[in-house]
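J.: So that we are looking at the same thing, I have put the structure below in structure tokens.
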Amino acid sequence: MLRQASPRPGGRETRRGVVAPLAAILMIVMLGMIAFAVDVGYIVLSRNEAQNAADAAALAGVNKLAEQLKTAKLVNGVPVQTQAHLDAARAEAKTYALNNLVAGKGPVVKDAEVEFGYLADPYNQDTNTSLDTSGWPARPYNAVRVTVTRDSSHSGGPLDLFFAPVLGVKQATVSASATAVVTMGTYTPQGNTAAGPGGLLPFTFQVDEWHALLKATGPGTLTVPGVPGLPSTTLTVFDSYKVDPSKSDSSGVSSGSDQLLEAKLFPTNSTAGNFGTINFTKTKSSNSTSTLRDLIVNGPEAADWPDLPDILKATSSGPVDVNGDPGISAGMEDAVKSIIGQPRVLPLFTTVSGTGNNTFYKIVEFVPVTIVAVDLNGGSKYIMIQPRVISVKDALGSGRLNIPVTPSATPNPLFLGSRVLVR
């Protein structure tokens, strides 16, 4: 006789095998979540790699632009940036992008994805989102924007996903852009501080002669009108030296033409008993040859020259009288030779009064130069200078030039500031 099974306490019947189907369903969901996490992580990693590639490419492009400005021909004091310069910077950016893998493949950047323009205020994230292409080449471009993409329209294609194809999604695209800039604007001359050397020379040059040099189209003799205290004069312009801006000593200077013109700083259009050597003082001062040698080699320490802050504020609308040091001697030649090829900053004057140690120059401007030759022995003494584009990255002794550049829509393109990522 069969017995009827006794019910479980509480009247509930036993259900066998319920957990297994539920576990199977949950396993599918969990695997889907894991697959989703793996593919999302892969996309995020690839996106970061694309950003790294864009960053490297933009910096490489803007570095190339800046280095080419330092060797470009100067026309009226502006380095002439050409289409060839842009093409070279574009090629540099594309090469750096290709060398930075995105999901295991070097991204191929199209020409249109390397953009050039000008950013007047690169550090303001709320403005200047687009690159200003107006005014070129009179105002050289200072910014490079690079976009790196992995999708079906680029060599390398989109990302092949691992698990998402189960859900019908086989591929994903990633893209990133970066903008790098070399700061251009207004330059504030500096004495030597803890931030670095200012590169100031204890010489001065007549401002009209300087601008005549910048306007010259080739070697020859120019007539420069006279100014109060100085007669009209002739300025001989040369193209006899080449300067390698990647070097900062005499090894970077060689004989030959590079379409960057030179003139003799000394002798200059000056006054009796003075030849353009200055003290960084507003009152009469007597400095020894050893002091002048130190100023030539090292420049003035801000802490040692109380009048220097006022002198460095000199402009055409607010000139500052600076004391001239009498004479220039053979004892200074070695000091001048030691700085051949280095980037330096030269004060300019408008007019001069007095004689000898009582000479005072009205300083109005500060400009970048490189000394390319010197001879202070015998009767034909001279120091020869070449106008240069100089950069905050240029080496001077064991440090770097301290060149504060304030961004501006109307820059002085002879001074280049920091090269940084800004977008």
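The values are calculated or read from the model by the stated rules, or taken from the named source; none is laboratory data. Please read all numbers here as calculations on a predicted model, not as lab measurements. Glycine gets a Cβ as well: all are built from the backbone with ideal geometry, and neighbour counts include every protein chain shown.
J.: Filter region 296-351 down to residues that are of a type in the set (Asp, Glu) and either part of a helix (DSSP H, G or I) or not assigned by TED's automatic domain parsing to the domain that holds Thr193 (or both) and give me whichever is farthest from Val389 (Cα to Cα).
T.: That would be Asp304.
J.: Hey, can you tell me all the residues within region 228-261 that are assigned to a strand (DSSP E or B), surrounded by fewer than 16 Cβ atoms within 10 Å (Cβ to Cβ) and at pLDDT below 90?
T.: Scanning region 228-261 gives a single hit, Thr234.
J.: Can you find, within region 352-377, the residue that is modelled with the lowest pLDDT among those that are of a type in the set (Ser, Thr, Tyr) and in a strand (DSSP E or B)?
T.: Of everything passing the filter in region 352-377, Ser353 is modelled with the lowest pLDDT.
J.: Further question on the same structure: Kindly indicate whether any position in region 105-120 is of a type in the set (D, E, K, R) and buried (at least 18 other Cβ atoms within 10 Å of the Cβ).
T.: Yes - at least one qualifying residue is present in region 105-120.
Residues are listed down the side, and each one gets a yes or a no for (1) surrounded by fewer than 20 Cβ atoms within 10 Å (Cβ to Cβ); (2) touching a Pro at 6+ places or on another chain (Cβ under 7 Å):
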residue	(1), (2)
Ser353	yes, no
Tyr361	no, no
Pro368	no, yes
Ile371	no, no
Val374	no, no
Asn377	yes, no
Ile383	no, no
Gln386	no, no
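J.: Consider Gly331 carefully, then state whether it is of a type outside the set (Phe, Trp, Tyr) and more than 25 Å from Ser254 (Cα to Cα).
T.: no
J.: Taking the conditions exactly as written (free of Cβ contacts under 8 Å to residues at least 24 places away in the same chain and touching a strand residue (DSSP E or B) at 6+ places or on another chain (Cβ under 9 Å)), does Ser175 satisfy them or not?
T.: Here the answer is no, as Ser175 does not meet what is asked.
J.: Does region 403-423 contain any residue that is in a strand (DSSP E or B), more than 13 Å from the chain's Cα centre (by Cα) and modelled with pLDDT under 95?
T.: Going residue by residue through region 403-423, those that are in a strand (DSSP E or B) are 405-407, 415-416, 419-421.
Still in the running and more than 13 Å from the chain's Cα centre (by Cα): none.
Looking for residues that are in a strand (DSSP E or B), more than 13 Å from the chain's Cα centre (by Cα) and modelled with pLDDT under 95, one finds none in region 403-423, hence no.
J.: With the structure loaded, tell me whether Ala180 is surrounded by fewer than 24 Cβ atoms within 10 Å (Cβ to Cβ), in the same structural domain as Gly106 (by TED's automatic domain parsing) and not in a loop (DSSP other than H, G, I, E, B) or whether it fails that test.
T.: Answer is no for this residue.
J.: Only one of these is among the small types (Gly, Ala, Ser), closer than 21 Å to Gly341 by Cβ, modelled with pLDDT of 90 or more and surrounded by 20 or more Cβ atoms within 10 Å (Cβ to Cβ): Gly185, Gly191, Gly198. Name it.
T.: Gly198
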